[in-house]
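S.K.: To start, I am sharing the structure in question, which I have written as C-alpha cells.
The values are calculated or read from the model by the stated rules, or taken from the named source; none is laboratory data. Keep in mind that what you see is a predicted model, and the values were worked out from it rather than measured. So basically every Cβ, Gly included, is an ideal-geometry build from the backbone, and we count neighbours across all protein chains shown. For the accessible areas, the whole protein counts, side chains as well, though only heavy atoms, and no ligand, DNA or RNA atoms are used. Shrake-Rupley method; radii C 1.70, N 1.55, O 1.52, S 1.80 Å.
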Amino acid sequence: MSNARPHPRPPLALKKIRRSVATVLAACALLAASACDDEQTPPFEVAGSGDVAGQLFFDADNNGIFSPFGGDTLLTDVEVRLLVRNDTTLIASTRTNDDGRFSFSGVSPGTHQLVVPGQAGITGSLVFCTLPGLASVYIGEQTYLAVPAKRGCVVRIAEAKNVGLNQSTTIAGIVTAAQGTYRGDNVYIQDPTGGIQIFGIPSLGLQLGDSIEVTGRMGQFREELQIVSPVVAPNVVRVTPLAPVVRTAKQITDAAALPGPKSPDVGQLVTVRRILQVGAFASGNATITDATGSIQLRLDGNVAAAIPQATFQAGKCYDITGILGYSFGILQLKPRAPSDVAEVTCPQ
C-alpha cells in the first residue's frame with residue numbers, strides 16, 4: 001500500500017488566474033507575429049455611398065415647407081457647401097438650380113454638415129436659422145433637407161430688448177392688446193420672458209390671443225421700447241389668450257428700479273388687486289393706490305371712450321387689469337376694455 005499523498009487540487013481562483021495568464025501570453029505572441037507581417041489584412045472599410053439633396057427657399061409663411069401660395073419664393077444660384085462635421089474641411093460644393101434645388105452624389109456614409117455662405121447679392125438680408133444643418137448619409141439612400149430662409153431668427157422678447165435702437169430683431173408672442181384696443185396701428189405681444197408694443201402695424205385685424213411672429217427695428221417712444229416698421233408673418237394662429245400676472249403697486253415700482261424701458265414688467269399684462277383709491281383724472285391719467293403703494297392709471301387712446309372716468313367712484317375698490325406701460329419715467333397701467341375693471345369688496 002502506497003503512502004503517497006494525493007496532490008491537492010488548486011483552488012478555482014488560481015485556475016482562472018492561470019488561464020488569464022495563458023491568454024495574455026498567447027495574445028502577445030500573436031501581436032508580435034503580426035507586427036512582423038508586412039502583408040496584414042487592411043482595416044475594415046465601409047463600402048458604398050449615399051446622396052444629399054434639398055431645396056432653398058424664402059419661407060414667407062413660416063411653415064417650414066415650400067408653399068408658393070403662402071408667398072414663398074425659390075432661392076436660385078445660391079452656393080451650398082457640404083463639410084466634415086465639426087470641421088471646415090470641404091467635402092463638396094454646388095449651387096442651387098432654377099427650382100432652388102441642390103444635390104451631392106457619392107457622399108460617404110456618416111453625419112456631415114450643410115452650410116450656405118453669406119451671399120448678400122443673392123439672398124440679401126435673409127438668414128438660414130436652421131443652418132449649419134446636419135445631413136446623415138446612409139448607403140444607397142438619399143437624404144433630403146428643406147432649407148428655409150427667413151427675415152430673422154426668433155429671439156425671446158427679453159433678449160430683443162437688449163439690442164440697440166434701430167437694430168433689426170425678430171420676436172414671436174401672443175397678442176395681449178389687439179389692434180384697435182388703444183389705436184388701429186399697434187398691438188402688445190408677450191412671451192414667457194416679457195411683453196412689448198408693436199407699433200406701425202398695417203390693418204391686419206390682429207385679435208387677442210393671436211400668436212404672431214414679427215420682424216422689425218427696435219424703437220423707443222417716451223422711454224418705452226417698441227418694435228417699429230414691423231413685418232408680421234402670415235402664419236397667424238389663434239391660441240388661448242394669456243392670463244395676466246398679479247402684481248402689487250410696490251412690486252411694480254420695485255421692478256422699475258431696473259433700467260426703465262427694460263423693466264421685466266413693462267409691456268406685460270398685469271392685474272393689480274384691491275385698489276383702494278382712484279384719484280382725479282388729468283389728461284386721461286389718475287393715481288391708483290393699493291395697500292402697498294401707488295402707480296398711475298392711464299385710459300389710453302380708444303380706451304378713454306370705452307371706459308368712462310365715471311366708472312371709478314370714491315369709496316369703492318377695484319381689481320384692474322391692463323398692459324403696463326412706461327412714459328417719461330412714469331409707470332402706467334393701461335386697461336383695455338370695461339371687463340378689465342372689476343369692482344371688489346374693500347378690505348376691512
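S.K.: Relative to the present Cα-Cα distance, how much length would full extension add between Ile139 and Cys153 at 0.36 nm per residue of separation?
M.R.: Between Ile139 and Cys153, full extension yields an extra 1.7 nm.
S.K.: Further, regarding this structure: Once the piece of chain linking Asn166 and Ala47 is laid out straight, how much longer is it, given 0.36 nm per residue of separation minus the C-alpha distance between them?
M.R.: Separation in residues times 0.36 nm, less the Cα-Cα distance, equals 37.4 nm.
S.K.: OK, next. So what is the accessible area of the stretch 66-195 per residue, in Å², with the probe set to 1.4 Å?
M.R.: Each residue of the stretch 66-195 exposes 49 Å² on average to a 1.4 Å probe.
S.K.: Tell me the net charge near Leu74. Cut-off is 12 Å between Cβ atoms, Leu74 excluded, with +1 for each Lys or Arg and -1 for each Asp or Glu.
M.R.: -4
S.K.: Quick one: longest stretch of the chain between exposed loop chymotrypsin sites (Phe, Trp or Tyr not before Pro), exposed meaning at most 10 other C-beta atoms within 10 Å and loop per DSSP?
M.R.: Answer - 45-327.
S.K.: Check the straight Cα-Cα distances from Lys334 and name the aspartates and glutamates below 14 Å, setting aside those fewer than 8 residues away within the same chain.
M.R.: Glu224, Asp265, Asp300, Asp319
S.K.: Give me the accessible area per residue for the stretch 269-344, probe 1.4 Å, as a whole number in Å².
M.R.: 43
S.K.: Cα-based Rg of the chain per 2.2 N^0.38 Å, rounded to two decimals?
M.R.: After normalising by residue count via 2.2 N^0.38 Å, the value is 1.67.
S.K.: For Lys150, Lys250, Lys334, Lys316, write out the residues from largest to smallest accessible area, computed with a 1.4 angstrom probe and no ligands counted.
M.R.: Heavy-atom accessible area, descending, gives Lys250, Lys316, Lys150, Lys334.
S.K.: Leaving ligands, DNA and RNA out of it, report the carbon-plus-sulfur percent of the accessible area of the stretch 152-264 at a 1.4 Å probe.
M.R.: On the stretch 152-264, the fraction of accessible area on carbon and sulfur atoms equals 55 percent.
S.K.: Now for a separate question. Taking Cα atoms, how many degrees apart are the long axis of helix 12-35 and the longest axis of the chain, rounded to 10 and kept between 0 and 90?
M.R.: The answer is roughly 80 degrees.
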